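One structure below.
The values are calculated or read from the model by the stated rules, or taken from the named source; none is laboratory data. Note that the structure is a prediction, hence the values are computed from the model and not measured. In this analysis, Cβ positions are derived from the backbone assuming ideal geometry, glycine residues included, and neighbour counts consider all displayed protein chains. Ligands, DNA and RNA are excluded from the accessible area calculation, which covers all protein heavy atoms including side chains. Shrake-Rupley method; radii C 1.70, N 1.55, O 1.52, S 1.80 Å.
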Amino acid sequence: MSLIISVSGLRGIVGQTLTPDVAVAYVSAFASALPEGSTVLVGRDGRETGKMLRSAVVAALAASGCNVVDVDVAATPTIGVRVRALGAQAAVQITASHNPPPYNGMKLFGEDGRVLSADRGAAIRQYYHAGTKRFVPFDKIGEISCDEDPHADHLQAVLETVDPPAIASAAPRVLVDSNHGSGGILARRLLESLGCSVVLLGEAPTGKFAHVPEPTADNLKEVGAKVREQNCVVGFCQDPDADRLALIDETGRYIGEEKTLALCVQRILANPETRGPIVINGATSGMSEVIAAQHRVGCHRSAVGEANVADRMIEVGASYGGEGNGGPIDPRVGYVRDSFVGMAQILDLMVQTDKPLSELADELPVRHIHKAKVEMSADALPATLEKLADQFSGAEAETGDGLRLSWPNAWLLVRGSNTEPIVRFIAEAETLEAAKKLCDTAESVVRS
């Protein structure tokens, strides 16, 4: 794998494509776009390589005249909240999200506590490739300090979105799998504040993952068994930087990530005080779209990517949003995907409805997603998308983020990869067979 530098950050294999000099060059390019004397937070997700990269990042920022606040281990959404709480101008989160241990990377935040917008991220990428930097003289080197408790503001913000006494009265027994990432620190504080009895797996942020870090069904089979064995009402499973949340019900059944967002949307729209338009991306399940229609509010779709969802939420004044990879976004907390928001609000939904998670999940609109991919050069993609639009002429077609074709109860998204010479197909329908047929038909058109 080569070094990936996108509008949302950087990711690579430590010691191969991601080395200290790369980290310094990238962060120096970022710092060159900030006012001299800016305050910049630096956090990490618990990976073993995070300490080494933190040293390089902190040094580069201080050498660029920035004052650095070292947050150490913290979840990605916590960084977003803390930027605003401290009035900082930016942040660097050292994380490779769900990638395996050899990987690490960086996400860049602006003063608004959001991952950089596409435009700002693209500018930083250009600065990096141009070798832009702004190192200052010795007497203007930035100061370095530590943040003793970066989690308190985030904790309070999440608690204010739910009814803590009601949840505490139910005294739910909850399992959390933080998988030795960054999520365990705040997860314990949050759930104990809500009166939960907590079984926490992988609490220590060592980066020594107990299983493959992406929270998929195959990777969480043993966790599902433990939810059932421990008599827990829910299993909450985080990725290493804790912006994604997968669910396991009280029977040990994997509920997944798509239903995380749909359940949160259901809860937020059931309350007249928080009911309003929502935003999801073009690859997210239509379950949330159906729920929005049931409550007579608009559901807007953005291009894929957290920054694009946040931009669209602000544009339409959305009350909620998120991505189907288990990433709810509650603007009352911040415009960052947030597993802690998901945990608190799903517990709140269970208490409000007096229903177990299994029942709530089974009541959601039935939708099935299928995915496929085909090797293809970027040069061939535009003509291929035109062929697909002609093939599916009866669908409503949208362009801008690949090609999205939609029908009343189904959709197909075709996008070129930003990092590989492939085209991806994602389809959703009321049956898995129908979704697979959409992908198969699209694939046959592409191969022809």
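The table below lists the values:
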item	result
Search result, residues across region 69-116 that are on the phi > 0 side of the Ramachandran plot, in a loop (DSSP other than H, G, I, E, B) and not polar (S, T, N, Q)	Gly87, Gly113
Condition met for Ile291 (within 23 Å of Val351 (Cβ to Cβ) and out of contact with any strand residue (DSSP E or B) (no Cβ under 8 Å at 6 or more places or on another chain))	yes
Residue in region 342-361 that is free of Cβ contacts under 8 Å to residues at least 40 places away in the same chain, open to solvent by 40 Å² or more (accessible area, probe 1.4 Å), of a type outside the set (Phe, Trp, Tyr) and over 29 Å from Tyr254 (Cβ atoms) present	no
Some residue of region 22-41 being of a type outside the set (Lys, Arg), part of a strand (DSSP E or B) and open to solvent by less than 10 Å² (accessible area, probe 1.4 Å)	yes
Long-range neighbours under 8 Å by Cβ, at least six apart or interchain, first residue closer than 13 Å to Val158 by Cβ within region 317-332, second open to solvent by 30 Å² or more (accessible area, probe 1.4 Å) and assigned to a strand (DSSP E or B)	none
Cross-chain or 6+ apart pairs with Cβ under 6 Å, region 223-250 first and closer than 16 Å to Cys264 by Cα, then acidic (Asp, Glu) and part of a strand (DSSP E or B)	Cys237/Asp177
Elements of type helices (runs of 4 or more DSSP H) contained in region 117-183, each with 3 or more residues being modelled with pLDDT under 95 and not acidic (Asp, Glu)	118-130
Meets criteria (within 26 Å of Val212 (Cβ to Cβ), within 17 Å of the chain's Cα centre (by Cα), open to solvent by 10 Å² or more (accessible area, probe 1.4 Å) and charged (D, E, K, R)) for Arg54	no
Matching strands (runs of 3 or more DSSP E) fully within region 371-448 where at least 2 residues are touching a residue at least 40 places away in the same chain (Cβ under 8 Å) and crowded, with 19+ Cβ neighbours inside 10 Å	410-416, 422-429
